[in-house]
1. With respect to E44, is the statement that it is within 22 Å of A115 (Cα to Cα) and either assigned by TED's automatic domain parsing to the domain that holds L175 or touching a strand residue (DSSP E or B) at 6+ places or on another chain (Cβ under 6 Å) (or both) true?
2. Are there any pairs, at least 6 apart or on different chains, whose C-beta atoms fall under 9 Å, with the first in segment 36-53 and closer than 25 Å to T25 by Cβ and the second among the aromatic types (F, W, Y), and if so, which?
3. For a quick check of your reading of the model, give me the residue pairs whose first member lies in segment 6-34 and is under 22 Å from C106 (Cα atoms), whose second is among the aromatic types (F, W, Y) and surrounded by 24 or more Cβ atoms within 10 Å (Cβ to Cβ), with beta-carbon atoms closer than 9 Å and at least 6 apart or on different chains.
4. Here are some residues: G51, G32, G67. Which one is assigned by TED's automatic domain parsing to the domain that holds A109, part of a loop (DSSP other than H, G, I, E, B) and within 23 Å of A184 (Cβ to Cβ)?
5. Restricting attention to segment 85-93, does a residue exist that is surrounded by 15 or more Cβ atoms within 10 Å (Cβ to Cβ), under 23 Å from the mean Cα position of the chain (by Cα), assigned by TED's automatic domain parsing to the domain that holds L133 and not in a loop (DSSP other than H, G, I, E, B)?
6. Cβ-Cβ under 7 Å, sequence separation 6+ or interchain: first residue in segment 136-160 and outside the structural domain of T125 (by TED's automatic domain parsing), partner β-branched (V, I, T). Which pairs?
7. Could you please find all residues in segment 246-257 being surrounded by 17 or more Cβ atoms within 10 Å (Cβ to Cβ) and at pLDDT 90 or above?
8. Among the listed residues L259, L263, identify the single one that is under 16 Å from T229 (Cβ atoms), more than 21 Å from the chain's Cα centre (by Cα) and not assigned by TED's automatic domain parsing to the domain that holds Y148.
Amino acid sequence: MRIVLATFAGAQTLDLAGPAEVFATAARDVPGAYEVIVASTSGEQLPTTAGFRVETRKLADVGVRQGDTGIVVGGEEAALLSAVGDRELRAWVRRVAACGRVASVCSGAFVLAAAGVLDGLRVATHWQACDALAAHFPRVSVDRDAIYVRERNVWTSAGVTCGIDMALAMVECDLGRRVADAIASRLVLYARRPGYQSQFSDALVAQAMASDPLAPAIAWARSHLREVTVELLARRAGLSVRTLHRRCLELTSATPAKLLERLRVERGKDLLARGKSVKTMATSVGFESPARARRAFERVLGLSPREAALLFGRR
């Protein structure tokens, strides 16, 4: 299978390099599985956002074959606007969508939307670009939480590193879970993230505020969900419960109790996706009962645990 990564001057480096490395690693593990091609409409050597220059083949020379996977990467605003206005690139996207699998990483979704292949579909893009994508392309349903979305033969991912998650999901679809897991291990990824996982998580908030005294306490709470309480979290952070309440609102826009509930639901989703029962999940993440877990899931996700297990579980 040919994996054609369509790039342009000023493309986001990781949007291109991340998925390319996933498929290249798969091709080494399963010889002949993939041919990875980096292409552009000009066929020139092009710069990325990090200043690297990449060799590209001309899209017209690469062409489109039955079963190709075409992936359009994202980039900064000026570069992306140029790509969106590229008629040849949009035409190539439509041809790939007609006979293969087409995808976008990050803001590359704007190119797919401009080509008309996202109309009526649920899609993902970088969280900072959701409003703009929805405003410019009202026929597209923007999922503001998912890190990647698959709708028939159209795949879209959220920002930057989410392209790696999407590529791993494609490899699993093509070659099986064992191969995808082996690649994730080879690339030293902390975890393979399912598509439904929020791209703006409490864990990322805590990590981004690593110098804040609350951040290590939140990280500790994620590892001790079975026993953590608001009082324990306050002691771990070295704060009074009242100060913890104020700091949680400042850092995560949630009260301590709501934060712990969201952390439990976040972890609970993963356990359900791996086939754990609702009862086992509830106990593992610290819900007092399956009924408490159900109410928390409905508040946070709008789904019951059983519905979440059906929706997010591996098929």
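The values are calculated or read from the model by the stated rules, or taken from the named source; none is laboratory data. All figures in this text were calculated on a predicted structure; none of them were measured in a lab. Here the Cβ positions follow ideal geometry from the backbone for every residue, glycine too, while neighbour counts run over all protein chains shown.
1. So E44 does not fit the description; no.
2. V36/F23; A39/W92; S40/F8; L46/F8
3. Pairs that qualify, where the first residue is under 22 Å from C106 (Cα atoms) and the partner is among the aromatic types (F, W, Y) and surrounded by 24 or more Cβ atoms within 10 Å (Cβ to Cβ), are A6/W92.
4. G32 is the lone residue from the list that is assigned by TED's automatic domain parsing to the domain that holds A109, part of a loop (DSSP other than H, G, I, E, B) and within 23 Å of A184 (Cβ to Cβ).
5. The answer is yes, given that some residue of segment 85-93 is surrounded by 15 or more Cβ atoms within 10 Å (Cβ to Cβ), under 23 Å from the mean Cα position of the chain (by Cα), assigned by TED's automatic domain parsing to the domain that holds L133 and not in a loop (DSSP other than H, G, I, E, B).
6. Nothing qualifies.
7. The answer is P256, and nothing else.
8. L259
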